[in-house]
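FYI, it's all coordinate maths here, none of it is from the lab. Computed from a prediction, not measured in an experiment: that's the story for all the values here. All Cβ positions, glycine included, derive from the backbone under ideal geometry; neighbour counts span all protein chains shown.
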Amino acid sequence: MDVLQQSQQLLATICAELKIDQTRPVTVRCLTPDEAIGAEASTEFVIKKGKERVIEANFDGAEGQAFTDHPSDWLGSLDELLQLDLTETGRRAIFTAGLNAVLRRLDRATGTIHCRNDEPSRCGEELTGVLYERFGVAHYGLIGLQPAILEAMGDGFGTSRLRIVDLNEDNIGQERFGVTVWDGEKDLQQLIDWCEVGVATGSSVVNGSINDLLKRFEAADKPLVFFGNTISGVAALLDLPRLCPFGS
């Protein structure tokens, strides 16, 4: 079953067990780039370029966010969120943000809000340090371009120990911080075969690519770690390894 559908079922079970009033509202709105990561954040981040957005859900005063290229506002009840059709990317983003907000309200997820201002740039160095503590100097496969993370991992481990794939056609084939960006569809298996550790963007849960990633890394018997706030709720429910140094 799709990872997000599993999470939807698990959330429904939790809400039923806790007897939460499912008529309570969930609101979702699109954030401006400055609202999402702060006016002082680097223009290198894709959010600042306006091609992808952060949407923010609110449930009973608790907030959760999701990163998506299909942003939209939404208003509904918790029950409607639990029954949301997850076959379309925009709806997956809405549910992911809502899931994060609900689990944050229930104290079952942390780091559901994107870091801001100088923190996104500092994130790469912190994340690289944690990777070194867990896995040492290794061949790392980065799935999803996040400039600060790519630069820091290249500085920390050396660009010869780093490969990256991305789905954005504007990035594919370009050199970023000394590493050529491979095609996230055509070259994914090549990256998995080459690397010893996978490091993937949590927004893969929104576009659905997470399902294939988990299967391929499991088949290769290699560790896969996710980063970012988008996957906070799913990671908490399914016990997936996640790094998000400055998520709030």
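Take the chain, connect every pair of alpha-carbon atoms lying under 10 Å apart with a spring to form a Gaussian network, then pick out the residue of I164, I172, I149 with the largest mean-square fluctuation. Sorting by GNM fluctuation, first place goes to I172.
Relative contact order for the chain: 20 percent, from Cα pairs under 8 Å spaced at least 6 residues apart, divided by residue count. Given the options N100, N171, N207, state which has the largest fluctuation in a GNM of the chain using a 10 Å cut-off (strictly under) for Cα springs. Top of the fluctuation ranking is N171.
Using just its DSSP H runs of length 4 or more, each adding -39500 (n - 2.57), the chain gives a mean residue ellipticity at 222 nm of -12000 deg cm²/dmol after division by all residues. The magnitude of the dipole of region 206-248, with charges of +1 and -1 set on the Cβ of Lys/Arg and Asp/Glu and taken from the Cα centre, is near 80 debye. Hydrophobic, long helices, defined as DSSP H runs whose alpha-carbon span along the helix axis is 20 Å or greater and whose mean Kyte-Doolittle value is at least -1.0, occur in the chain at 3-17, 89-105, 119-135. For the listed peptides 86-99, 180-193, a ranking on the average number of other beta carbons within 10 Å per residue, highest first, reads 86-99, 180-193.
Applying the Kirkwood pairwise sum to the alpha-carbon positions of the chain produces a hydrodynamic radius of 18.1 angstrom. Is region 128-248 rounded, prolate or oblate when judged by the Cα gyration tensor, a ≥ b ≥ c being the square roots of its eigenvalues, rounded requiring a/c under 1.5 and prolate requiring a/b larger than b/c? Rounded. Only beta bridges with both residues in the chain are counted; by DSSP, about 50 percent of them are antiparallel.
Taken over the alpha carbons of region 189-243 as equal point scatterers, the Debye sum produces base-10 log I(q)/I(0) values at 0.22, 0.25 Å⁻¹ of -0.80, -1.00.
About the centre of its Cα atoms, the chain shows a dipole size close to 280 debye [charges on the beta carbon of Lys, Arg (+1) and Asp, Glu (-1) only; nearest 20 debye].
Just checking the listed ones, G228, G173, G144: in the Gaussian network model of the chain with Cα springs under 10 Å, the one fluctuating most is G173.
Please label the shape of region 106-181 as rounded, prolate or oblate, based on the square roots a ≥ b ≥ c of the eigenvalues of the alpha-carbon gyration tensor (a/c under 1.5 means rounded; beyond that, a/b larger than b/c means prolate, else oblate). It comes out oblate by the Cα gyration axes.
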